[in-house]
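Enquirer: The structure's right below; bear with me while I get my questions together.
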Amino acid sequence: MSPKGSTLRFYSTAVPKQALVARYTKNGNPTDVIKVQTEDLGPVSPTGVVVKMLYAPINPADLNMVSGTYNFNPPLPAVGGSEGIAQVIALGSQASKLKVGDVVLPVHQGLGTWRTHANWEEGDLVPVTSIDIKHEYLASLSVNPATALRLLTDFANLKSGDVIVQNGANSMVGQSVIQIAAAKGIKSINIIRRRADFDQVVGTLKGLGATVVVADDFIRNGEFRNLIKSLPQPKLALNCVGGETTTEMIRLLAQGGTLVTYGGMSLKPVVIPTRSFIFNDLQCRGFWMSQWYEKHSVEDRLALLKELSALVKANKLQLRLEQMPFNNFENALNRAINSSQRDKKIVLSF
C-alpha cells in the first residue's frame, strides 16, 4: 500500500532512496575505470518503475562498451551492464503495463544493469513473469543463447543431419550453438584455442553434444580433413574470432554455404579465399543481436525467450554459469575478464 500523498504504488517494503551502482565516467580498461558507488534513485515519473535487480551477467559486449570499443557506447557517466533480470517494487501513478511483483528484463542496450536498484521508465522493461525457469538462467538468455538460436535459424535452411562449423566454440554463444544444433539433429565442427586445459574443454563440449572439437592450429593439418571426411560439408560457418581460422572455415563450406560473422575477438580481419568465394557461390553475412531486437517487436522477443526457456526446461540447453555477489564486484569483474574462465558466464547476484 502507498503512504498518504505518495504517487507510488509500493511493494512489500519501502523503496530505497539510494542504490549501489558499478559506474564509469570515462572509457578504458574496465578494472581501472569502473567503481562501485552510491547513487540517488531520484524522483519517479508518473510512468516510472522502481526495480530491484536480481541477477545480471557480465558479457564481453558490456566490457567492450566500458572500454569504448563497441559499436554502441552509452553516454558518460554510465552504469555497466545490458542484460539482467529484476523485480518491480514500485510503480508511478500512471504506469499501466506492469504490476508490482512482475519479473522484468531490460529492453534497451546499455541501460545499466550492474546495480542493486534502478528507477527506469515502464517502456524500458518487458515482463517475463510467465517464463518459468530459474531466474539466473532467465537473466542470461537474451544475449548469448539468443544469438546462437538466431545464427542457426536465420541464415541457412538447416535440417537434421546437416553440419555447421564454428570458431570460439567454448564461448557461451558457442556452447549454446552446440546444444541447440544437437537438439535439432545438426552436427557441429568446433574450433577452439589450444590452452592448458584443452582436453578438459574438449570433454566439456563433447558432453554438450559437439560432434568434432579441434584446436585452431589443427585445422590446417591434413589429418583434420581425414577426421571430418565422413561428414557432409558444412552449410553454415559461424565466426566470432576472425583471422586465419575464419579463412579455413570458409574453405570447408559446401556450395552455396554461408559465413556469418558476429564477433572479432582476435581483432584480425576476415579474409575470404577468392576461389572459394567465386566458385562455391558463398555468402558472407554479419549479425548483431542488438540490431535484431531493434527490428523486432516485444512479442518476437518473448517468443524467442520462450523457445530458449523450453530448451532449458527440457535439459537440451545448459547454461554454464558462475554466480558471484555484487558486493564482490571487483573479483567478479576480474574473473569475467580472465580469458581462461570465459567458458563460464559470470552472473552477478543481488
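The values are calculated or read from the model by the stated rules, or taken from the named source; none is laboratory data. Every value quoted in this text rests on a predicted model; they were computed, and no experiment measured them. Backbone-built Cβ (ideal geometry, glycine too); neighbour counts: all protein chains shown.
Enquirer: For the stretch 17-26, check the following and say yes or no: at least one residue is part of a loop (DSSP other than H, G, I, E, B), touching a helix residue (DSSP H, G or I) at 6+ places or on another chain (Cβ under 6 Å), outside the structural domain of Ser171 (by TED's automatic domain parsing) and at pLDDT below 95.
Expert: Among the residues of the stretch 17-26, not one is part of a loop (DSSP other than H, G, I, E, B), touching a helix residue (DSSP H, G or I) at 6+ places or on another chain (Cβ under 6 Å), outside the structural domain of Ser171 (by TED's automatic domain parsing) and at pLDDT below 95, which makes the answer no.
Enquirer: Taking the residues in the stretch 48-89 that are on the phi > 0 side of the Ramachandran plot and in contact with a strand residue (DSSP E or B) (Cβ under 9 Å, 6 or more places away or on another chain) as candidates, determine which candidate is surrounded by the most Cβ atoms within 10 Å (Cβ to Cβ). Quick ask: steps written out before the conclusion?
Expert: Going residue by residue through the stretch 48-89, those that are on the phi > 0 side of the Ramachandran plot are 68, 81, 84.
Then drop every residue that is not in contact with a strand residue (DSSP E or B) (Cβ under 9 Å, 6 or more places away or on another chain), which leaves 81, 84.
Details: Gly81: 24, Gly84: 28.
Applying the filter and picking the extreme gives Gly84.
Enquirer: Further, regarding this structure: Tally up the residues in the stretch 23-39 that are under 15 Å from Ala56 (Cβ atoms) and either out of contact with any Leu (no Cβ under 8 Å at 6 or more places or on another chain) or of a type in the set (Val, Ile, Thr) (or both), please.
Expert: As a first pass, look at the stretch 23-39 and keep what is under 15 Å from Ala56 (Cβ atoms): 23, 30, 34, 36.
Filter once more, so that each one left must be either out of contact with any Leu (no Cβ under 8 Å at 6 or more places or on another chain) or of a type in the set (Val, Ile, Thr) (or both): 23, 34, 36.
Summing the residues that are under 15 Å from Ala56 (Cβ atoms) and either out of contact with any Leu (no Cβ under 8 Å at 6 or more places or on another chain) or of a type in the set (Val, Ile, Thr) (or both) in the stretch 23-39 gives 3.
Enquirer: So Gly123 fits all but one of (1) outside any loop (DSSP other than H, G, I, E, B); (2) modelled with pLDDT of 95 or more; what number is the exception?
Expert: (2)
Enquirer: Which condition number in (1) touching a Pro at 6+ places or on another chain (Cβ under 6 Å); (2) aliphatic (A, V, I, L, M); (3) at pLDDT below 95 is the one that Leu308 fails?
Expert: So the condition that Leu308 fails would be (3).
Enquirer: Can you tell me which residues in the stretch 89-120 are hydrophobic (A, V, I, L, M, F, W, C) and part of a loop (DSSP other than H, G, I, E, B)? I'd like the intermediate steps shown before the answer.
Expert: Just the residues of the stretch 89-120 that are hydrophobic (A, V, I, L, M, F, W, C), to begin with: 89-91, 95, 98, 100, 103-105, 107, 111, 114, 118, 120.
Ala95, Leu98, Val100, Val107, Leu111, Trp114, listed by residue number.
Enquirer: For the condition of a type outside the set (Gly, Ala, Ser), in contact with a helix residue (DSSP H, G or I) (Cβ under 6 Å, 6 or more places away or on another chain) and within 14 Å of Leu152 (Cβ to Cβ), what is the one hit in Ile180, Ile219? Let's see the steps before the verdict.
Expert: Working: Ile219 fails: within 14 Å of Leu152 (Cβ to Cβ).
So the residue among Ile180, Ile219 that is of a type outside the set (Gly, Ala, Ser), in contact with a helix residue (DSSP H, G or I) (Cβ under 6 Å, 6 or more places away or on another chain) and within 14 Å of Leu152 (Cβ to Cβ) is Ile180.
Enquirer: Can you find a residue that is outside any loop (DSSP other than H, G, I, E, B), among the basic types (Lys, Arg), modelled with pLDDT of 95 or more and surrounded by fewer than 19 Cβ atoms within 10 Å (Cβ to Cβ) anywhere in the stretch 316-336?
Expert: Filtering the stretch 316-336 for residues outside any loop (DSSP other than H, G, I, E, B) gives 321-336.
Among the residues that remain, those that are also among the basic types (Lys, Arg) are: 335.
Of the ones still in play, those that are also modelled with pLDDT of 95 or more are none.
Scanning the stretch 316-336, I find no residue that is outside any loop (DSSP other than H, G, I, E, B), among the basic types (Lys, Arg), modelled with pLDDT of 95 or more and surrounded by fewer than 19 Cβ atoms within 10 Å (Cβ to Cβ), so the answer is no.
Enquirer: Tyr137 versus (1) in a helix (DSSP H, G or I); (2) under 22 Å from Trp288 (Cβ atoms): which is the lone unmet condition?
Expert: (2)
Enquirer: Condition first: crowded, with 18+ Cβ neighbours inside 10 Å, assigned to a loop (DSSP other than H, G, I, E, B) and in the same structural domain as Leu158 (by TED's automatic domain parsing). Can you find one or more residues in the stretch 183-194 that meet it? Steps first, answer last, please.
Expert: Pass one, the stretch 183-194, residues crowded, with 18+ Cβ neighbours inside 10 Å: 186-193.
Next cut, assigned to a loop (DSSP other than H, G, I, E, B) only: 186, 193.
This time we only want the ones that are in the same structural domain as Leu158 (by TED's automatic domain parsing), so: 186, 193.
Within the stretch 183-194 (the criterion being crowded, with 18+ Cβ neighbours inside 10 Å, assigned to a loop (DSSP other than H, G, I, E, B) and in the same structural domain as Leu158 (by TED's automatic domain parsing)), the answer is yes, since at least one residue qualifies.
Enquirer: Can you name every residue in the stretch 209-265 that is surrounded by 18 or more Cβ atoms within 10 Å (Cβ to Cβ), in a loop (DSSP other than H, G, I, E, B) and in contact with a Gly (Cβ under 8 Å, 6 or more places away or on another chain)?
Expert: Of everything in the stretch 209-265, those that are surrounded by 18 or more Cβ atoms within 10 Å (Cβ to Cβ), in a loop (DSSP other than H, G, I, E, B) and in contact with a Gly (Cβ under 8 Å, 6 or more places away or on another chain) turn out to be Pro234, Lys235, Cys240, Val241, Gly242, Tyr262, Gly263.
Enquirer: If you don't mind, another one. State whether one or more residues within the stretch 249-263 are in the same structural domain as Lys187 (by TED's automatic domain parsing), of a type in the set (Ser, Thr, Tyr), at pLDDT below 95 and within 27 Å of the chain's Cα centre (by Cα).
Expert: Applying the first criterion (in the same structural domain as Lys187 (by TED's automatic domain parsing)) to the stretch 249-263 yields 249-263.
From what is left, the residues that are of a type in the set (Ser, Thr, Tyr) are 258, 261-262.
If we keep only those that are at pLDDT below 95 too, we end up with none.
Within the stretch 249-263, none of the residues are in the same structural domain as Lys187 (by TED's automatic domain parsing), of a type in the set (Ser, Thr, Tyr), at pLDDT below 95 and within 27 Å of the chain's Cα centre (by Cα).
Enquirer: Scan the stretch 297-350 residue by residue and report those that are under 24 Å from Val201 (Cα atoms), out of contact with any helix residue (DSSP H, G or I) (no Cβ under 9 Å at 6 or more places or on another chain) and free of Cβ contacts under 8 Å to residues at least 60 places away in the same chain.
Expert: Asn315, Asn331, Asn338, Ser339
Enquirer: What number goes with the only condition from (1) over 23 Å from His296 (Cα atoms); (2) in contact with a Lys or Arg (Cβ under 8 Å, 6 or more places away or on another chain); (3) not aliphatic (A, V, I, L, M) that Gly101 does not pass?
Expert: (2) is the only condition that Gly101 fails.
Enquirer: Which members of the stretch 27-52 meet the condition of being of a type in the set (A, V, I, L, M) and in a strand (DSSP E or B)?
Expert: Step one: filter the stretch 27-52 for residues of a type in the set (A, V, I, L, M), giving 33-34, 36, 41, 44, 49-51.
Matches in the stretch 27-52: Ile34, Val36, Val49, Val50, Val51.
Enquirer: Kindly check whether there is at least one residue in the stretch 286-294 that is more than 16 Å from the chain's Cα centre (by Cα) and surrounded by 17 or more Cβ atoms within 10 Å (Cβ to Cβ).
Expert: Within the stretch 286-294, none of the residues are more than 16 Å from the chain's Cα centre (by Cα) and surrounded by 17 or more Cβ atoms within 10 Å (Cβ to Cβ).
Enquirer: If a residue must be out of contact with any strand residue (DSSP E or B) (no Cβ under 7 Å at 6 or more places or on another chain) and polar (S, T, N, Q), how many such residues does the stretch 234-255 contain?
Expert: So the count comes out to 2.
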